[in-house]
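Nothing in this text is a laboratory measurement; each read-out follows from the coordinates by a stated rule. In this text, all values refer to a predicted model and were calculated from it rather than measured experimentally. FYI the Cβ positions are ideal-geometry reconstructions off the backbone, even for glycines, and counts take in every protein chain you see.
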Amino acid sequence: MTPEELLQRLAPVRVPEAFARFGPQDALAAIALGLFAALLLCLALRGLTRARPRPADRARAGIAVLAALPPQARIAGLAALLRELGGEMPAGGRDALYDPAAAADPAPLEAAVLAQARRARR
């Protein structure tokens, strides 16, 4: 007897009628799965399409926040912002950062932060 003949002699598979019928519970399960898939799709699209601020805008916002701090804290914050952008401290910036008696002029450091933020965009 060949396998094809054996398969023809087997009785068809019998499924209970309640199991084979599409009912309200099945419809609700399908709706729930559809809503879950839609939620996952929305979350993925939100992550892909959200607005990302430019580095120059983030640098300007950081400089504006640091403007209200005392001079030494402002210099330290500007140095941290510059390091976050991947820049190097300008000449004289290290003296103002590590020597409390040194004159602390934040203008050159702010210019270095903005220049590095413009370069970071490329």
Computed label-point distance, nm, for sites Leu69 and Glu84 using a 7 Å Cα→Cβ extension: 1.0 nm
Length gained when the stretch Ala120-Tyr98 is fully extended (0.36 nm per residue, less Cα-Cα span): 5.3 nm
The chain - percent relative contact order, Cα under 8 Å, separation 6 or more: 25 percent
Hz values of 3J(HN,Hα) by residue in region 55-66 - Karplus curve (6.51, -1.76, 1.60), Gly and Pro given as x: x, 5, 5, 5, 5, 4, 5, x, 5, 5, 5, 6
Dipole moment magnitude, nearest 20 debye, the chain about Cα centre, only Lys, Arg, Asp, Glu C-beta charged: 380 debye
Alpha-carbon Rg/Rh ratio, for the chain, with Rh computed the Kirkwood way: 1.62
Average silhouette area of region 55-120, convex hull of alpha-carbon atoms, in square nanometres: 3.7 nm²
